[in-house]
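Here the structure comes first, spelled out in C-alpha cells, and everything after it is commentary.
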Amino acid sequence: MLARIGRPYALGASALALFAASSGTAFAAMQSDAAASPAAAAAAGDNADVGEIVVTAQRRAESLEAVPIAITSIGGGGLAKSSVTSTGQLAQVVPGLRFDYSASFAQPTIRGVGTAAVGPGLNSNIATYVDGFYISSPFSTDFKLLDVDNVSVLKGPQGTLFGRNATGGAILVTTKKPTFQTTGNIMASYERFNHPSVGGFLSTGLTEKVAVSITAAYERGDNFYKNIFTGDDNPGKFHSLSFKSKILWEVSDATDVMLSYQHTDVSDPTSAMYNAYQGLTIDAFIPGSVIASKRGDISSDYDPRFKLNVDGAYLTADTDLGFGKLTSYSMYRDQRTLSANDNDAASASVFNVLYRNQQKSASQEFVLTSPQDTSRRLSWVLGANYFYDKDAQQFYAGAPLALGLVHQQTSKSFAFFGDATYELADKLFLTGGLRYSSEKRLADYLVQSTAFGTPGANDSASKTFNSLTPRAVIRYELAPRTSVYASFSKGFKSGAFNTFSIDLTTPVKPEKLTAYEVGFKTASRNVRFSTAGYYYDYTNLQLASYTSTTVTLKNAARAEVYGVEGDVSVNPVEGLEIRVAGAYTHARFKKFLGAPAQVQCLDLVSCGAFFGLFITTPIDASGFTMPRSPKFSGNVTVNYTRPLAGGEIAFSANYYRTSKIFFDPAEQFGQGAYGLLNLRVGYTLPDGHTSFAVYGTNVTDKKYVNQLTPVNFSIAQNYGQPAVYGISASYKF
C-alpha cells in the first residue's frame with residue numbers, strides 16, 4: 001500500500017496505472033504469486049485469461065470456484081486495463097460495491113452495508129487488509145494500487161476469519177513480493193489538469209537467500225477547481241510522494257521472513273472542496289456572500305486542506321511445521337493527518353473547522369493452517385489476534401479558528417478463531433467456524449471553547465464489547481470447477497463512544513449482522529460465471545447525525561437487506577475478453593424512529609439567533625432506503641489485443657452504471673442515476689519492453705456528486721472528476 005489517493009473524485013487513470021503489461025502498461029500485470037499472504041488474495045494471473053484464479057479468502061490457498069463466498073477477484077493487469085488505479089475506484093469493476101466519502105474519510109459500502117461515522121476511533125464496517133495487515137483508519141483505506149498483484153473483494157460478513165469491522169465484507173489487497181531475478185520498470189504520464197506522474201519498481205536478489213524490492217512514485221497536479229470568491233484558479237493543487245521497500249529472507253527451506261517499510265506523504269485538498277448543494281447555506285442570508293454550486297467552483301474564505309503522512313513497518317514470518325504452516329503478522333503504524341474545511345460552504349466567515357489527528361496502531365496475529373494437501377478430507381485454520389489503536393485529535397472550530405476540543409479514543413482488542421472444512425461424502429463439503437472477539441474502548445476529552453461546552457470540562461470512560469461470530473457452509477461440487485453452496489454467517493462491529501459530541505455516558509451499541517446466502521460458481525477454458533443471492537438481518541446500525549460542531553453517532557433499530565448479483569467473463573475468440581457484472585440490492589430500514597432530517601430554520605420570530613441554520617429534526621425513517629445503496633449497479637469491461645507491426649496493440653473499455661442513491665437516512669439528498677465510461681488504447685513495441693498508451697476517464701464528462709454532508713451551516717457537496725485524458729509511457733526489464 002502506498003499513497004492514499006486523497007482525491008475522492010478520482011476516476012481518472014493516473015499515470016500510476018501504467019504498471020500493466022502488454023495492454024500498454026507495464027507494472028501491475030506481472031505474474032501473480034499464488035503463495036501470497038493468507039489474509040490477502042492472490043491470483044495465478046489476471047482476469048484477462050479465464051484460467052484458474054487462486055484466492056486465500058478462507059486464509060488458505062484455494063481455487064476461486066471452490067470458495068463458498070461471493071468474491072470479485074481481479075489481478076493487477078485487469079485493474080489497469082479498466083483504469084482502476086486506487087481502491088476508491090474499485091466500484092467500476094466490483095458489483096455491489098460503492099466508495100463514497102465524508103470530507104477525507106473513505107466510506108466503502110458493500111451490498112448496502114457501510115458507515116457514515118467519522119471521528120477518532122470510528123472505523124468502517126468494511127475491513128481493508130493489505131498483505132494480511134488490517135488498515136483501520138478511514139483516512140488510509142483509499143490508496144494507490146501501485147505494486148498490486150491482486151485485489152479480492154469479499155461480500156457479506158467475514159467476522160469469523162477477518163474479525164471486527166468486517167460486517168459488510170472485506171477488501172483484500174496483495175502486493176508483489178521481492179524476486180531473486182532482477183526485474184523492474186519505470187513509467188511516466190501526463191494528464192489533463194497539469195497532472196504529471198512518475199514511478200518505478202525494482203526487485204533483485206542480494207544473496208542466494210535475500211531479495212529486496214523498492215517501489216516509489218511521485219505525482220502532482222492543479223486539479224479542476226477554482227475559487228470564484230478569491231479568484232484563485234488553482235486552489236486544489238496537490239502532490240503525493242510514496243515509497244515502499246521489502247526485504248525477503250529465505251531462512252531455510254521451511255522458513256522465510258519478509259520485512260516491509262512504507263512511507264507516504266500526501267497534500268491534497270480535493271476532498272475538502274465543498275460548495276453548497278442547490279445553494280443551501282446560511283450565507284444566502286448574509287449580504288455580499290458569494291455562493292457556488294456548480295462542478296469545479298468553490299466560494300471559500302478559508303483555504304481547504306488535507307495532509308497525510310504515514311510511516312509503517314510490517315513483518316511477516318512463515319514456518320512449515322510439517323503438520324501445518326504457522327504465519328506471524330507484526331505491524332506498527334504511525335499516521336498523522338490535517339484536514340481543514342469551510343463548513344458554511346460559501347464565502348462568509350461563519351464557521352470553519354480544522355482537525356489534527358495522530359493515530360498509532362500495532363497488531364500481532366498468529367495463523368496456523370493445515371497442509372496444502374488436496375487428498376486430505378479435512379482442512380483447517382486456527383488463529384489468535386491482538387490489535388491496539390490510539391486515535392487522538394485536536395479540533396479547531398469557528399471564524400476565526402480556535403481550539404475547541406481535544407479528544408481521543410483507544411481500542412484494545414483480542415480474538416481467537418478457528419475454521420474447518422470436512423468432506424462429508426464425495427464432493428460434499430461442510431465448513432464450520434467460530435471467532436471470539438473482545439474489544440475494550442477507552443475515550444476521553446477536554447473542552448477548550450464554549451462552542452463545545454464549558455471550557456475546562458473533561459471526562460473519560462471505558463467499555464468492553466464481546467462477540468461470537470460463527471459461520472456454517474455446505475458446498476457441493478457438481479463438476480470440476482463447478483459448485484453450489486449455502487451459507488450462514490455473522491458479522492460484528494464494535495460499539496464506540498461519541499467523542500465528538502462529548503457524550504461518554506451512552507456509547508453506541510455494536511452493529512450485528514446475520515447473513516444467509518446461496519451461490520453458484522463455474523469456470524471453463526473460455527467462460528467464468530458466478531451468481532449469489534442473499535438475505536441480511538441487520539441490527540443496531542451505527543449512523544451519524546451532523547450538527548455545527550459535532551458528529552453524533554446513534555443506533556438505528558433494524559434494517560433488512562436482500563439482493564442478487566452475478567458476474568460473467570467470456571473469451572469468445574483469441575485476444576478478446578468481455579466481462580459483465582451486475583447487482584440488485586434492496587436495503588431498507590425496517591425500523592428507525594428518530595432518524596435525523598435537516599430543516600432550515602426560516603422563521604425570524606421562532607428561530608431567533610438560529611435563523612438560516614439547518615436544524616436536525618427527528619423523523620420516522622422506517623421503510624426508507626439505506627444511505628449509499630443503489631437498487632441497481634453494474635459494469636461492462638471489454639479488452640481486445642492483437643499483433644500489430646511486430647508489437648501488440650490493446651483496446652480497453654470499461655462502463656460503470658449505478659441507479660439513484662441517497663446520502664442520508666431521511667432520503668432528502670441524493671444523486672440520480674449516472675454512468676462513467678473509461679477508454680484506453682496501448683501499444684507495446686516489438687522489443688516487448690516499451691509501451692505507450694493514450695486514455696480517457698469519464699470520457700462523456702458526466703456530472704455527479706460523490707459526497708454530501710449536511711451540517712448546521714450548509715448542505716455541503718463535492719463533485720466527481722470531469723473528463724480526463726492522458727498519455728503514458730513505460731519500460732520494463
Condition test on Ala666, is it of a type in the set (A, V, I, L, M), outside any strand (DSSP E or B) and under 24 Å from Asp537 (Cα atoms)?
yes
Considering only region 694-733, how many residues are free of Cβ contacts under 8 Å to residues at least 60 places away in the same chain and within 22 Å of the chain's Cα centre (by Cα)?
1
Every residue from region 398-414 that is surrounded by fewer than 22 Cβ atoms within 10 Å (Cβ to Cβ) and either aliphatic (A, V, I, L, M) or farther than 21 Å from Gly119 by Cα (or both)
Ala399, Pro400, Leu401, Ala402, Leu403, Val406, Phe414
Taking the condition in contact with a Pro (Cβ under 7 Å, 6 or more places away or on another chain), closer than 23 Å to Lys509 by Cα and buried (at least 18 other Cβ atoms within 10 Å of the Cβ), does Ala583 pass?
no
Do you know which residues across region 468-486 are crowded, with 21+ Cβ neighbours inside 10 Å and under 25 Å from the mean Cα position of the chain (by Cα)?
Thr469, Arg471
Taking the residues in region 415-426 that are surrounded by fewer than 16 Cβ atoms within 10 Å (Cβ to Cβ) and under 19 Å from Val67 (Cβ atoms) as candidates, determine which candidate is farthest from the chain's Cα centre (by Cα).
Leu424
Candidate set: region 252-284, residues that are among the β-branched types (Val, Ile, Thr) and touching a strand residue (DSSP E or B) at 6+ places or on another chain (Cβ under 6 Å); chosen: the one surrounded by the most Cβ atoms within 10 Å (Cβ to Cβ)
Thr281
The strands (runs of 3 or more DSSP E) lying wholly within region 525-607 that contain at least 3 residues that are farther than 30 Å from Val353 by Cβ and within 26 Å of the chain's Cα centre (by Cα) are 527-546, 551-570, 576-591
Looking at Gly383, Gly404, which one is within 30 Å of Asp342 (Cβ to Cβ) and in contact (Cβ under 8 Å) with a residue 60 or more places away in the chain?
Gly404
Out of Thr141, Thr167, Thr115, sole residue that is assigned to a loop (DSSP other than H, G, I, E, B) and closer than 21 Å to Val266 by Cβ
Thr141
Residues of region 178-214 satisfying the condition of being surrounded by 22 or more Cβ atoms within 10 Å (Cβ to Cβ) and either closer than 25 Å to Lys490 by Cβ or charged (D, E, K, R) (or both)
Glu191
Considering Tyr674, Tyr731, Tyr719, Tyr725, which residue is surrounded by 17 or more Cβ atoms within 10 Å (Cβ to Cβ) and over 25 Å from Phe351 (Cβ atoms)?
Tyr674
Among the residues of region 293-311, what is the count of those that are in a strand (DSSP E or B) and aromatic (Phe, Trp, Tyr)?
1
May I ask you to verify whether Tyr329 is touching a Gly at 6+ places or on another chain (Cβ under 7 Å), crowded, with 22+ Cβ neighbours inside 10 Å and farther than 30 Å from Lys702 by Cβ?
yes
The one condition Arg525 fails out of (1) surrounded by 19 or more Cβ atoms within 10 Å (Cβ to Cβ); (2) farther than 30 Å from Gly612 by Cα is (1)
State which residue is modelled with the lowest pLDDT when the search covers only region 312-350 and only residues that are outside any strand (DSSP E or B) and closer than 28 Å to Asp265 by Cα.
Asn343
Quick one: count up the residues across region 693-733 that are among the aromatic types (Phe, Trp, Tyr), within 30 Å of Ile649 (Cβ to Cβ) and modelled with pLDDT of 95 or more.
3
What strands (runs of 3 or more DSSP E) completely inside region 170-251 contain at least 2 residues that are touching a helix residue (DSSP H, G or I) at 6+ places or on another chain (Cβ under 6 Å)?
183-191, 195-205
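The values are calculated or read from the model by the stated rules, or taken from the named source; none is laboratory data. Quick caveat: nothing in here was measured; it's all calculated off a predicted structure. Here Cβ is always computed from backbone atoms with ideal geometry, including for glycine, and neighbour counts include all displayed protein chains.
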